[in-house]
Amino acid sequence: MRHSPAVILLLSLSACTGHSVSGDSASDDTGTPAAAVWDDGAAAVACTPGGTAPLLDSAMENAGIARTDFGFTDAQWSAWGDAVLNKYVFSWYTTVHHDMEQVPCFAGQMQADVDTAMAAKHPVSSAIVAYGSHLDVTFSGDPPQKGIALADALLKLPSPVEDPTSSADTLTSMDPDLTNAIAPIISAIADAIAVRATIDAEVTAQDSKLPKHLYNYGSGMVLQAPSISPDYTSTAEMKWFSKWFKSDTGPRQAFAIAARAIAFAVEDADLKRFADSRGVSAEWTFHTAAGAVRISPSTDDTHDDSDGDTLLQIDLGGNDTWNSSSGATNSFYNPVSIAIDLAGNDVYGYDAVGSAQDPAGALPSDADGRQKVSGYYISASENARQGSGRLGIGMLFDLGGGNDTYTSLRMSQGYGSFGVGVLYDDAGDDVYSGEAGVQGASVFGIGLLLDGGGNDTYNAWAFSQGFGYSTGGGLLADEGAGNDVYWSDPGNNYGGLTLYASPQLPNGEGNSSFTQGAGFGLRDDNDQVYMAGGLGMLRDGGGDDVYTAGVFAEGSGYWEGTGLLADASGNDTYDMLYYGEGGAAHFALGILVDGAGDDQHGTLFTPDYMMLGAGHDYSVGVMIDESGNDTVVVPGLALGASNCQGRGVYVDNGGSDTYTVVSTYSTGLGNHSGECEVRENDADSNGIFIDGGGDADDYQWPADDTVRLPVDNSSFGYDWDQTPDEHGGAVDGDGETGFHAAY
């Protein structure tokens with residue numbers, strides 16, 4: 001299928017380096033292991049913008065515009081100067097954002113990339129590439145090879161406290177196969193430590209205090225004090241920072257490449273063969289200046305931090321309790337931390353101290369307590385756990401399919417800040433709980449939570465569950481067909497607890513979530529400092545799922561951020577309040593795609609505004625439902641609506657749907673908005689609604705609306721103020737829409 005040059009450019013950005021997977025049992029005729037090779041990435045999806053789409057043409061005709069007039073031009077964009085032309089915009093962003101027909105192709109490619117990675121022999125290393133490529137990381141180098149001796153691998157580590165050869169002999173006497181299996185992992189860890197040393201040296205040349213500053217300040221920009229925030233008003237510092245961060249030796253590139261290698265070495269070792277029945281009978285520890293390498297027996301163990309930082313810890317089985325920071329770079333002097341649990345129903349938590357400031361319904365505090373921000377006591381924890389990379393690489397692999405529980409407060413469960421953090425759980429019915437910066441979240445880094453299947457529950461408040469801040473990317477991928485619950489506490493008035501009060505809602509009614517596929521950027525109008533937002537994605541592979549959130553969630557973006565929620569199938573329930581389900585604000589991109597199932601939207605509590613394919617202020621909001629008999633409650637500025645020179649698209653490709661319209665200020669709506677009156681009308685406000693498939697639909701429309709009454713097989717878009725810059729188009733009919741949830 002022929003692609004336009006723009007699509008070829010876009011798809012090339014997501015192409016993964018590598019070829020076929022390697023098998024650890026493969027060898028040549030001499031018994032030497034065959035050379036390892038990277039896994040294949042996903043093929044380019046068969047999506048061609050500008051194709052034949054009669055229903056899309058009909059909707060555009062109803063709106064009074066051509067398909068080519070729906071998006072944005074470079075001239076409109078460049079008129080905003082540094083606000084949108086800053087150095088932090090992803091290379092693909094304007095291509096996708098400016099042309100609405102690129103959006104489903106982008107979403108389709110993202111799904112294909114993640115799904116292919118999760119199904120690969122080496123899912124974590126493949127996911128780092130699949131997602132990191134969309135963050136403009138260019139991957140290079142060969143995968144780690146087998147055959148290195150353990151003593152040689154230990155010698156590569158910084159400042160060993162004990163003799164590497166003697167220690168290697170001790171482990172070999174227990175199990176020589178285990179010795180051979182972990183040596184490539186340790187070697188890859190040593191290479192990553194060298195990467196961190198290079199980064200530290202380069203940063204120290206700029207400012208001797210900066211390395212420790214970087215360890216803290218990325219998180220502080222989003223998660224509030226006590227983490228240190230940068231002086232981003234310093235032109236000189238930020239000029240250096242932007243150049244360094246994106247360079248070949250900067251953390252975005254260097255740590256991603258190193259993390260890929262470590263993950264590949266772990267996955268290629270096939271460590272599950274040592275679980276339980278093959279476990280060693282005694283513990284083995286090797287200390288270095290950067291942390292310890294440990295192996296624990298296949299008993300029910302309790303792990304803590306009493307023995308210092310961890311470089312690598314392998315637990316061979318049992319129902320274990322991990323009250324430790326293993327798998328998280330929880331110290332500036334601990335650049336890499338990898339934890340691997342091979343079997344059991346495990347509990348990952350922390351030492352709860354509790355505080356008088358802990359609100360009822362919040363997680364108990366650790367030793368760092370809580371801090372008062374905007375009148376609410378939020379966590380002040382500086383303890384990262386369970387797959388967290390801060391100026392380094394932190395990964396937790398839980399294998400063996402147990403039913404596991406993960407609890408932490410902040411910067412955990414797949415979190416990256418100037419580094420890479422990964423939590424991988426291969427199967428089981430798992431429960432993940434945290435407050436902020438958890439469950440696939442990043443600030444200037446890569447954060448991945450990858451779950452292979454089961455009926456899972458995810459609980460959080462803010463900046464979580466597939467969240468990306470500037471230049472970073474956060475992914476939560478649950479690839480099983482289980483019935484999962486994604487709870488991002490919506491706030492006091494909606495069955496939850498307000499901790500991160502939203503300015504969109506009065507009196508602390510609800511939380512600012514930025515969860516479940518959300519991208520967030522820096523907007524400082526006072527100092528005229530701007531950073532384009534990151535990429536946040538939640539991918540669910542199937543099952544009857546429940547999504548609940550507050551404001552900015554479920555496929556939402558803010559300030560050139562991109563948020564994507566992609567659900568493959570199942571009878572799903574979506575509820576949230578404002579800016580979501582394919583709703584975005586301020587030059588951003590928000591996308592929700594649902595592949596199949598009888599879904600419900602807005603049935604738990606009545607939503608407010610800017611949802612269901614709605615764009616505000618030069619933003620693009622897109623929601624696509626592929627099939628199923630859906631029930632949709634429609635608030636204001638929703639269901640293919642635009643506001644303040646935004647773009648909104650809602651497409652349903654099949655099923656007999658029920659639309660309960662709470663506000664007629666919606667549904668294929670063009671709306672300029674009074675807040676934009678001071679602007680020159682350099683861009684229109686365009687909203688498109690399409691219900692295809694030819695099935696009978698039910699529109700529950702307010703009785704007092706005498707202007708329009710949607711029915712099957714009709715056109716009913718609306719320009720709210722009837723001004724020339726408003727274009728609302730709506731069509732119900734049968735035919736090709738040009739927009740699909742997957743390709």
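The values are calculated or read from the model by the stated rules, or taken from the named source; none is laboratory data. None of these values were measured; they are calculated from a predicted model. Every residue, glycine as well, gets a Cβ built from its backbone with ideal geometry; the counts of neighbours run over all protein chains shown.
So here's what we get for this one:
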| quantity | calculated |
| --- | --- |
| Given (1) among the polar types (S, T, N, Q); (2) modelled with pLDDT of 95 or more; (3) within 21 Å of V622 (Cβ to Cβ), index of the condition S673 fails | (2) |
| Residues that are in contact (Cβ under 8 Å) with a residue 60 or more places away in the chain and in a loop (DSSP other than H, G, I, E, B), drawn from segment 614-628 | Y618, S619, E626, S627 |
| G354, sole failed condition from (1) closer than 27 Å to L499 by Cβ; (2) modelled with pLDDT under 95; (3) buried (at least 24 other Cβ atoms within 10 Å of the Cβ) | (3) |
| Wholly enclosed strands (runs of 3 or more DSSP E) of segment 630-694 bearing at least 2 residues touching a residue at least 12 places away in the same chain (Cβ under 8 Å), at negative phi and of a type outside the set (A, V, I, L, M, F, W, C) | 641-643, 647-652, 658-661, 685-691 |
| Considering residues of segment 79-113 that are modelled with pLDDT of 95 or more, charged (D, E, K, R) and part of a helix (DSSP H, G or I) only, the residue farthest from V45 (Cα to Cα) | E101 |
| Residue within segment 546-564 that is among the acidic types (D, E), part of a strand (DSSP E or B) and in contact (Cβ under 8 Å) with a residue 60 or more places away in the chain present | no |
| Single residue of segment 492-509 satisfying the filter (touching a helix residue (DSSP H, G or I) at 6+ places or on another chain (Cβ under 7 Å) and surrounded by 22 or more Cβ atoms within 10 Å (Cβ to Cβ)) that is farthest from Q224 (Cα to Cα) | T498 |
| Single residue of D346, D351 found to be among the acidic types (D, E), more than 30 Å from T204 (Cβ to Cβ) and in contact with a Gly (Cβ under 7 Å, 6 or more places away or on another chain) | D346 |
| Residue identified as outside any helix (DSSP H, G or I) and more than 27 Å from A256 (Cβ to Cβ) among T179, T165, T233, T170 | T233 |
| Selection within segment 398-413 - buried (at least 24 other Cβ atoms within 10 Å of the Cβ) and outside any loop (DSSP other than H, G, I, E, B) | D398, Y406, R410, M411, S412 |
| Any hit, segment 382-394, residues being assigned by TED's automatic domain parsing to the domain that holds Y215, within 13 Å of the chain's Cα centre (by Cα) and either basic (K, R) or over 17 Å from P123 (Cβ atoms) (or both) | no |
| Selected residue (only one of A63, A79, A83 is among the small types (G, A, S) and more than 29 Å from T233 (Cβ to Cβ)) | A63 |
| Filtered residue count, segment 308-359, keeping only those that are within 25 Å of the chain's Cα centre (by Cα), over 30 Å from Q371 (Cβ atoms) and not in a loop (DSSP other than H, G, I, E, B) | 3 |
| Number of positions in segment 181-201 that are buried (at least 17 other Cβ atoms within 10 Å of the Cβ) and either at pLDDT below 95 or of a type in the set (A, V, I, L, M) (or both) | 13 |
| Which numbered condition D734 misses (of (1) among the acidic types (D, E); (2) within 27 Å of G51 (Cα to Cα); (3) modelled with pLDDT under 95) | (3) |
